[in-house]
Amino acid sequence: MLKIYNTYIHIPFCERKCNYCDFTSLKGTDNQIEKYVNYLLKEIEIYKKKYDLSEKQDTIYFGGGTPSLLPIDSLEKILSKFSYDKNTEITIEVNPKTVNSNKLKEYRKLGINRLSIGIQTFNDDNLKLLGRIHNSEEAIEVYNLARECRFDNISLDIMFSLPNQTLSILQDDLERLVNLNPNHISIYSLIWEEGTKFFRDLKSGKLKETDNDLEANMYEYIIEFLKSKDYIHYEISNFSKKDFEARHNSIYWENKQYLGVGLSAAGYLVNVRYKNFFNLKDYYNNLDKNILPIDEREILIEEDIEQYRYLVGFRLLNKVIVPSEKYLDKCVSLFKEGYLLEKENGYILSHKGLMLFNDFISNFIGD
């Protein structure tokens, strides 16, 4: 029986959907949240009959949505389904508007030891534009409260390439970010996802995309600035202080297996990558029949698994890829001719490859 050591748990509820977000998120009442948690527990129980969940978890990750909307007793019920201890990395994504000192203290009692706080920007005008429900003062207050509550592993999210964002506005965001001294930083460039308010505003002319050259300059500035502040650029979009890399997210980039539960959650078990239903009705109906609520399955053959290894593995900037013989010539070519790779007991992205990653990876696995 397969032993599972890493689990992702999706909580789809939000106070309000952000203008740029295309993730599965819903505004839930207390009763709706309680019902969802009960079905989530049922899904976990089905997996416990198929796989070995008795082993101590290495990582547990509550993502969303806004997992910090969950009542403490709901989190306690979910965590009770797993074996974990103080060495388990347990992360919860937090919106600054949805936690206070008491809730943070309860998180610590439950064993949650890592926070991922969605700040996005310290510019209040941009926060309003994004549709965030917090302001910059509240974000800083929650960060400081978390430190007072003995959280010594905190990740902060920051966005760039926002509408009307200048390099100087981004520089101010970064200065305020590093002044807080988080252990980990995730950066995200704005993606204009179809179906979002931002996408509609783009099409109507209310908003404009950032110039490609400015976006590239922003990305390069972020990299150099954070490196100068002793952050390790260990993955394309992630930086950390020494020994504070995100252990859970690293399993994705290292192509390791993990359990994903909850509405729209993805997982990778044995040789199957799967995604759950995006619709609550379908999710509930399957679980009512004691059927896993899986909407899509991709059964991987050896070639698929190898391609995924490159697709996700080249995102890591501190671990070399040793290619199979089939892909060795391609690596040599990209090293010698395109200068997209560097060679060091294997291959790793060069700076040029980093800046052109999407083109690089599509060409690498596409031929």
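The values are calculated or read from the model by the stated rules, or taken from the named source; none is laboratory data. Predicted model only: the values in this text are computed from it and were never measured. In this analysis, Cβ positions are derived from the backbone assuming ideal geometry, glycine residues included, and neighbour counts consider all displayed protein chains. What goes into the accessible areas is simple: the full protein's heavy atoms, side chains included, and nothing from ligands, DNA or RNA. Shrake-Rupley method; radii C 1.70, N 1.55, O 1.52, S 1.80 Å.
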**Fill in**
Computed, not fitted: 222 nm per-residue ellipticity of the chain from DSSP H runs ≥ 4 (each -39500 (n - 2.57)), nearest 500, equal to -12500 deg cm²/dmol
**Prompt:** segment 276-309 to segment 254-270: how many Å between their Cα centroids?
**Reply:** 9
**Asked** Extension gain Ile140-Asp73, at 0.36 nm per residue separation less the Cα-Cα distance, in nm?
**Response** 21.5 nm
**Message:** Could you tell me the center-to-center distance, by alpha carbons, between segment 316-367 and segment 180-204 in angstrom?
**Reply:** 28
**Request:** Using DSSP to define loop residues, name the trypsin sites (Lys or Arg not before Pro) in segment 27-125 whose beta-carbon has at most 15 other beta-carbon atoms within 10 Å.
**Result:** Lys27, Lys86
**Message:** I want to verify a result. In a Gaussian network model of the chain, Cα cutoff 10 Å, which of these has the top mean-square fluctuation: Lys326, Lys229, Lys241?
**Reply:** Lys326
**Message:** Once neighbouring chains are kept in place and the probe is 1.4 Å, which whole percent of the accessible area of segment 7-78 is contributed by carbon and sulfur?
**Reply:** 48
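What share of Cα pairs, in percent, lie more than 35 angstrom apart in the chain?
Numbers: 17589 of 67161 pairs.
That fraction is 26 percent.
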**Item:** Estimated vicinal HN-Hα couplings, Hz - segment 249-260 in sequence order (Karplus 6.51, -1.76, 1.60; Gly, Pro = x)
**Value:** 4, 5, 5, 5, 6, 8, 6, 8, 7, 7, 8, x
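Give the accessible surface of the chain per residue, rounded to a whole number of Å², with probe radius 1.4 Å and ligands, DNA and RNA excluded. Present the calculation step by step, with values, prior to reporting the outcome.
Details: 17600 Å² over 367 residues.
Counting only protein heavy atoms, the per-residue value for the chain is 48 Å².
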**Request:** Identify which of Thr196, Thr98, Thr29 has the largest mean-square fluctuation in a Gaussian network model of the chain, with springs joining Cα atoms closer than 10 Å.
**Result:** Thr29
**Fill in**
Computed ³J(HN,Hα) along segment 84-90: with the Karplus parameters 6.51/-1.76/1.60, θ = phi - 60°, integer Hz and x for glycine or proline, the list is 7, 9, 5, 8, 6, 7, 10
**Message:** Could you give the length gained by full extension between Arg200 and Asn271, i.e. 0.36 nm per residue of separation minus their alpha carbon distance, to one decimal place?
**Reply:** 21.7 nm
